[in-house]
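Input: a single structure, listed below in C-alpha cells.
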C-alpha cells in the first residue's frame, strides 16, 4: 500500500510539473501573440501615417508647381555645386516629386535625408539630377518605397522638379546590397546610370537597389 501511495504522490508531482510547463507555454504563446499583434498594428499605423503625410505634401507641391518641360537625356554635366531648385513646405525643403506609374507611386522628395524625414517622404541621399547621379532613399512602407521590391526592368520613373520640369528614366538594373556594402551604392565605375532608388528589403537585412538611365520620351 505504501508503494502505491508513494507512486501516486510521485505521479501527482510529475503531473503538476507538466501542468506548470503547459501553463508556461500557454502564457508565453499569448505574450508572443500580443507582441506580434501590437507590432503589426504599429507598422500599419506608421505606414498609413507616412502615406497621409506624403499625400498632403504632394498636393501642396502641385499647387505651387508651374507647367514645365521634358528635360532631354543628353544634357551635359554642369557645375557640380549648382543646387537643385527647392520648395519649402512646413519645416522641410523638397526638390520635387517622383512618379512610377507601374507601381502607383506618386511621392514628394525631400532635399536631404535623415530617419525623421524618411517617415514623411523619400529623400535625396546624395547627388542631383543635373549631374546624372541622383540617389533617393525611402522607407519600405507600402505607401512609400515598399513597391520597389516588385519593380521590373524597363519601368518608367519620372522626377518632376519644383519648376514642373520632367526628368524621365528607365529602370535598367536591380540588385540587393548588404548594409555593409552601401559604398557600392555610389560607385559609378563601369556603370551606366543617372538615378538610383533604394529601400530596405522585407527582412530589412539588405537594401533593394534600383538603377535607372535617363531617357527622352515615354517607354
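What nm distance separates the two modelled labels at residue 204 and residue 86, each placed 7 Å from Cα along Cα→Cβ?
With each label placed 7 Å out from Cα toward Cβ, I get 2.9 nm.
Please rank 171, 166, 63, 109, fewest neighbouring Cβ atoms within 10 Å first, as an exposure proxy.
Fewest-to-most ranking of 171, 166, 63, 109: 63, 166, 171, 109.
Counting residues in segment 61-215 as N, plug N into 2.2 N^0.38 Å and put the Cα Rg over that result.
0.97
Take 141, 92 and order them by how many other Cβ atoms sit within 10 Å, fewest up front.
Taking fewest neighbouring Cβ atoms as first place, the list is 92, 141.
Quick one: if you stick a label point 7 Å off each Cα along the C-beta vector at residue 63 and residue 102, how many nm between them?
Each label point lies 7 Å from its Cα, and together they span 3.4 nm.
Return the percentage of antiparallel bridges among DSSP beta bridges fully within segment 61-215, rounded to the nearest 5 %.
Counting only bridges with both partners in segment 61-215, antiparallel ones make up about 85 percent.
Please list 180-187, 122-129 highest first by mean number of surrounding beta-carbon atoms within 10 Å per residue.
My ranking of the peptides, most packed first, is 122-129, 180-187.
Each value in this text was obtained by applying a stated rule to the coordinates, not by laboratory testing. Predicted, not measured: the structure shown is a model, and the values here were computed from it. Cβ atoms come from the backbone with ideal geometry, glycine included; neighbour counts cover every protein chain shown.
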